[in-house]
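Asks: Take this structure, written in structure tokens, and hold onto it; I'll ask about it next.
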Amino acid sequence: MGQELFSFCPTEARRLLWIVGMLFALILVLQHLELPYGSHLSSVLSARQVPVENNSSSRARDPSSNVNMVGNESIINRLDDTGTYPSHEIASNNKTSDSVSDSSKGSERTLEIDEDEDESGSLVKQNTTLNENNVKNSETDTAQWGREPENLVKDNSTDITLSKVRTENESSTTDPGGNSNAGFPTTPHAYPPVVVETDARAPIISVDSNVTLAERDQTPSPEKTENSEQLHGGLNETGKDSSVTRVPVVIKVPELSTLDVYTISDMNKLLHHSRTLYHSVIPQWSSSADQEMQDAASQIENAPIIKNDPNLYAPLYRNVSMFKRSYELMENTLKVYVYREGQRPIMHTPVLKGIYASEGWFMKQLEDHKKFVTKDPQKAHLYYLPFSSRMLEERLYVQNSHSRKNLVQYLKDYLDMIASKYPFWNRTGGADHFLVACHDWAPAETKEYMDKCIRSLCNADMKEGFVFGKDVSLPETYVQNARNPLRDLGGNRPSKRTTLAFFAGSLHGYVRPILLQHWENKDPDMKIFGKLPKIKGNKNYVRHMKSSKYCICAKGYEVNSPRVVEAIFYECVPVIISDNFVPPFFEVLKWESFAVFVLEKDIPNLKSILLSIPKKRYLQMQMRVKRVQQHFLWHAKPEKYDIFHMILHSIWYNRLHQIKPR
């Protein structure tokens with residue numbers, strides 16, 4: 001009947017009907033493309049499932065459902081061949097089945113945790129909110145999410161509580177030119193849903209929600225917590241980047257979160273889990289540097305096995321193969337931008353002598369380094385904040401004021417200036433920025449406004465906010481002669497070391513008086529003194545270090561002490577008595593292989609502890625001290641594997657592992 005009626009219509013009428021039909025079809029197509037997935041118009045079309053691009057293993061879902069579908073998370077825990085100390089761990093983003101499987105290597109296992117269901121077996125819903133102020137019509141801005149983990153799930157295979165964060169972990173980004181996934185690293189597991197910008201001129205929508213923008217604008221935003229704290233006001237008022245920045249989340253391992261004293265074994269466990277439990281800020285827009293670091297992380301994870309390297313003695317390292325590959329990639333890839341802003345002497349003024357010399361030597365050698373430093377901030381993988389914590393204290397602290405507020409304010413003003421002049425701080429909230437500070441006050445001075453930065457600190461104290469997976473323990477080096485930092489290097493061979501243990505120093509803090517109370521003038525094998533008489537060149541002190549088997553490195557006011565590096569410098573086995581102190585380069589070096597750790601409470605048993613170490617073990621440790629020495633030496637011009645390169649490597653290593661490989 002329709003065909004018969006249509007045949008009797010005039011030519012003009014048939015043309016009009018054809019045009020109307022085409023317009024109706026075009027309107028349906030345009031509305032389907034422009035509205036959020038899950039809108040009522042999708043029911044007009046035949047498709048009942050919405051695929052997520054660039055995720056071959058992700059599941060399609062009914063657009064009428066508002067439940068976020070999440071795949072399994074695979075976590076690779078690598079142990080070294082001894083099975084005693086944890087080695088490098090990198091979270092894998094590959095979705096896998098809900099099982100616990102052993103890899104082909106006996107020292108490696110994969111934990112696969114089902115994140116689709118809570119403990120009762122029901123799916124967990126997410127609250128997805130988007131503030132209207134966070135939607136920007138810009139080619140570079142994308143909205144970020146920040147929220148608390150929802151549930152904790154117990155994994156019986158490891159007896160470790162991990163946070164269960166519901167997330168759609170794979171999404172696609174289309175640039176104005178139509179290129180999909182334009183350079184932005186794939187979002188790792190354990191992040192909230194990523195918002196996708198489908199067009200530079202169109203509103204930003206979520207691939208995982210059927211809630212319209214208008215409805216979401218009426219949804220209360222999540223309560224502000226410690227883990228969802230925004231950037232401080234001065235850095236968010238530049239007018240350039242108003243979208244929400246996801247702050248770092250540190251999920252604590254429950255059995256280790258309430259300890260008063262962290263042993264070296266506890267720190268090994270925390271380091272072991274830091275690669276999966278610490279999440280950095282998600283960058284607000286894509287960067288080729290992020291992709292390069294992501295690729296480097298993948299290459300390190302798959303590093304070729306090193307069996308015998310003439311420069312690297314394997315027992316000193318958690319994983320010598322991964323360390324060597326990481327170091328090589330740093331040499332060939334890393335570019336650092338050093339901010340030129342800042343007034344001397346607090347900025348750009350290295351102090352090269354004294355107990356805080358590490359920060360000064362690093363500043364000088366980095367700013368002079370043509371290979372690592374780039375003048376183009378767009379090409380930088382890391383950004384250096386070139387201030388001296390020593391000069392900050394010397395120039396700004398008001399004696400006997402007992403207040404450091406003006407020092408903190410100075411740093412805040414500097415960051416405000418940097419954030420208003422450059423876009424890079426706001427892109428990550430400072431997560432790709434780093435500082436190198438050796439003064440005792442540095443942790444307190446930087447914790448409020450620089451807490452998202454990678455902080456390389458001499459005062460690496462677990463109880464003062466040191467964060468595994470982000471912060472770096474900086475070696476404290478006492479440089480007496482800036483022109484010849486290697487003067488007096490070395491010590492007597494083991495057979496000529498007649499003293500069992502040696503310590504001398506001012507009675508700073510509470511530990512050293514206890515040490516002297518038990519051992520000063522009590523035993524001829526234990527040469528434990530207060531401050532020695534001052535002799536030119538400190539020769540008396542050096543002589544004792546060179547002729548002792550063990551050198552006691554007792555904390556002062558803070559956990560750090562230059563004696564740790566001094567002991568290595570003079571080839572004496574370090575005995576570290578400083579609870580909660582994270583040793584330098586801890587993410588790379590296996591400190592138990594060449595140092596002794598004694599808890600503060602065990603000071604009365606110090607001699608018996610040292611005598612219980614077999615002679616063969618002592619000789620092995622002393623030999624390893626000599627081998628690890630190359631990593632703790634300052635040279636007038638930096639040399640391969642020296643302390644300058646090791647500090648930079650630790651910063652590089654922590655940053656690239658915050659950007660998880662695909």
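The values are calculated or read from the model by the stated rules, or taken from the named source; none is laboratory data. Everything numeric here is computed off the predicted structure, so don't read it as measured data. Cβ atoms come from the backbone with ideal geometry, glycine included; neighbour counts cover every protein chain shown.
Asks: State yes or no: is SER401 small (Gly, Ala, Ser) and part of a loop (DSSP other than H, G, I, E, B)? I'd like the intermediate steps shown before the answer.
Replies: Details: small (Gly, Ala, Ser): yes; part of a loop (DSSP other than H, G, I, E, B): yes.
So SER401 fits the description; yes.
Asks: Test ASN302 against the criterion of being surrounded by fewer than 18 Cβ atoms within 10 Å (Cβ to Cβ) and within 21 Å of ASP432 (Cα to Cα), and give yes or no.
Replies: Answer is no for this residue.
Asks: For the structure I just gave you, tell me whether VAL598 is in the same structural domain as ALA567 (by TED's automatic domain parsing), within 24 Å of CYS458 (Cβ to Cβ), without any contact (Cβ under 8 Å) to a residue 40 or more places away in the chain and surrounded by 16 or more Cβ atoms within 10 Å (Cβ to Cβ).
Replies: Spelling it out, VAL598 is indeed in the same structural domain as ALA567 (by TED's automatic domain parsing), within 24 Å of CYS458 (Cβ to Cβ), without any contact (Cβ under 8 Å) to a residue 40 or more places away in the chain and surrounded by 16 or more Cβ atoms within 10 Å (Cβ to Cβ).
Here is a yes/no grid of residues against (1) touching a residue at least 60 places away in the same chain (Cβ under 8 Å); (2) within 19 Å of ARG325 (Cβ to Cβ):
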{"site": "ASP602", "(1), (2)": "no, no"}
{"site": "LEU606", "(1), (2)": "yes, no"}
{"site": "TYR641", "(1), (2)": "yes, yes"}
{"site": "HIS645", "(1), (2)": "yes, yes"}
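The rows are residues; the columns are (1) touching a residue at least 40 places away in the same chain (Cβ under 8 Å); (2) more than 24 Å from TRP634 (Cα to Cα); (3) surrounded by fewer than 23 Cβ atoms within 10 Å (Cβ to Cβ).
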| residue | (1), (2), (3) |
| --- | --- |
| ILE355 | yes, no, yes |
| GLN378 | no, yes, yes |
| ARG390 | yes, no, no |
| ARG404 | yes, yes, yes |
| HIS433 | yes, no, no |
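Asks: I'm told ILE528 meets every condition in (1) surrounded by fewer than 18 Cβ atoms within 10 Å (Cβ to Cβ); (2) touching an Asp or Glu at 6+ places or on another chain (Cβ under 8 Å) except one. Can you identify the failing condition by its number?
Replies: Every condition holds for ILE528 apart from (1).
Asks: For the range 525-547, what are the residues that are over 24 Å from ILE609 (Cα atoms) and of a type in the set (Val, Ile, Thr)?
Replies: Of everything in the range 525-547, those that are over 24 Å from ILE609 (Cα atoms) and of a type in the set (Val, Ile, Thr) turn out to be ILE535, VAL542.
Asks: Working only within the range 419-467, note down all residues that are closer than 24 Å to TRP361 by Cα and part of a helix (DSSP H, G or I).
Replies: Of everything in the range 419-467, those that are closer than 24 Å to TRP361 by Cα and part of a helix (DSSP H, G or I) turn out to be ALA442, PRO443, ALA444, GLU445, THR446.
Asks: Which of the residues belonging to the range 622-636 are more than 17 Å from PRO584 (Cα to Cα) and either free of Cβ contacts under 8 Å to residues at least 24 places away in the same chain or touching a Ser or Thr at 6+ places or on another chain (Cβ under 7 Å) (or both)?
Replies: MET623
Asks: Another one. Can GLY537 be described as under 24 Å from TRP634 (Cα atoms) and modelled with pLDDT under 95?
Replies: Working: under 24 Å from TRP634 (Cα atoms): yes; modelled with pLDDT under 95: yes.
Answer is yes for this residue.
Asks: Still on this structure, please answer the following. Looking at LEU633, LEU648, LEU619, LEU610, which is the one that is in contact with a helix residue (DSSP H, G or I) (Cβ under 8 Å, 6 or more places away or on another chain) and crowded, with 20+ Cβ neighbours inside 10 Å?
Replies: The unique qualifying residue is LEU648.
Asks: Only residues that are touching a residue at least 40 places away in the same chain (Cβ under 8 Å), of a type in the set (Gly, Ala, Ser) and over 19 Å from LYS640 (Cα atoms): list them for the range 289-332, please.
Replies: ALA289, ALA296, ALA297, SER298
Asks: Check off (1) in a helix (DSSP H, G or I); (2) over 23 Å from HIS508 (Cβ atoms) for PRO604 and give me the number that stays unchecked.
Replies: Exception for PRO604: condition (2).
Asks: If you check ARG512 against the conditions, is it more than 30 Å from the chain's Cα centre (by Cα), surrounded by 20 or more Cβ atoms within 10 Å (Cβ to Cβ) and either under 29 Å from TRP652 (Cβ atoms) or not hydrophobic (A, V, I, L, M, F, W, C) (or both)?
Replies: Against the criterion (more than 30 Å from the chain's Cα centre (by Cα), surrounded by 20 or more Cβ atoms within 10 Å (Cβ to Cβ) and either under 29 Å from TRP652 (Cβ atoms) or not hydrophobic (A, V, I, L, M, F, W, C) (or both)), ARG512 qualifies.
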